[in-house]
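Following: one structure in structure tokens, then a few remarks.
The numbers here are math on the coordinates, done by the rules we state, and not lab data. None of these values were measured; they are calculated from a predicted model. FYI the Cβ positions are ideal-geometry reconstructions off the backbone, even for glycines, and counts take in every protein chain you see.
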Amino acid sequence: MSSVIDQPSRSPGRRPSRGLPPIGTWWTLLDRGLQREILADPGAPLRPFVVRRVFEICGFDVESAPTASLTLGANERAYIAGWSHAVDWT
């Protein structure tokens, strides 16, 4: 069994210097349609609208959201896999 450790910039309670805030903060609050979009291909780059929505949910300045394409990391994909299994998402 192996573990992946998040980067220090993704510690809870801190605004990310780059990338997304911790997924546990925003995933369950994200609109269902956007969740479905991410679930369809978790390895795909996130649309800028999705990134801005995540920043909005977390209370960060939407204008400071990264403009470069972002993808979910291994920990974020594992979180989503566990969540979808727990809620029996189909």
(message) Give me the extension gain from V62 to Y79: residue separation times 0.36 nm, minus the current Cα-Cα distance, reported in nm with one decimal.
(response) 3.7 nm
(message) Show me, for the range 42-49, the HN-Hα J-couplings you get by feeding each phi into the Karplus relation (A = 6.51, B = -1.76, C = 1.60, θ = phi - 60°), rounded to Hz, glycine and proline as x.
(response) x, x, 6, x, 7, 5, x, 4
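About its Cα centre, how strong a charge dipole does the range 20-86 have in debye, to the nearest 20, once Lys and Arg get +1 and Asp and Glu get -1 at the Cβ?
Numbers: 6 positive and 7 negative charges, 34 e Å.
Dipole magnitude for the range 20-86 comes out near 160 debye.
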(message) Below 12 angstrom from the Cβ of V62, what's the summed charge of the other residues (Lys, Arg +1; Asp, Glu -1)?
(response) -1
(request) Could you line up V50, V87 from fewest to most neighbouring Cβ atoms inside 10 Å? (result) V87, V50
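For the range 20-86, what Kirkwood radius comes out of the mean inverse Cα-Cα distance, in Å?
Kirkwood hydrodynamic radius for the range 20-86: 12.0 Å.
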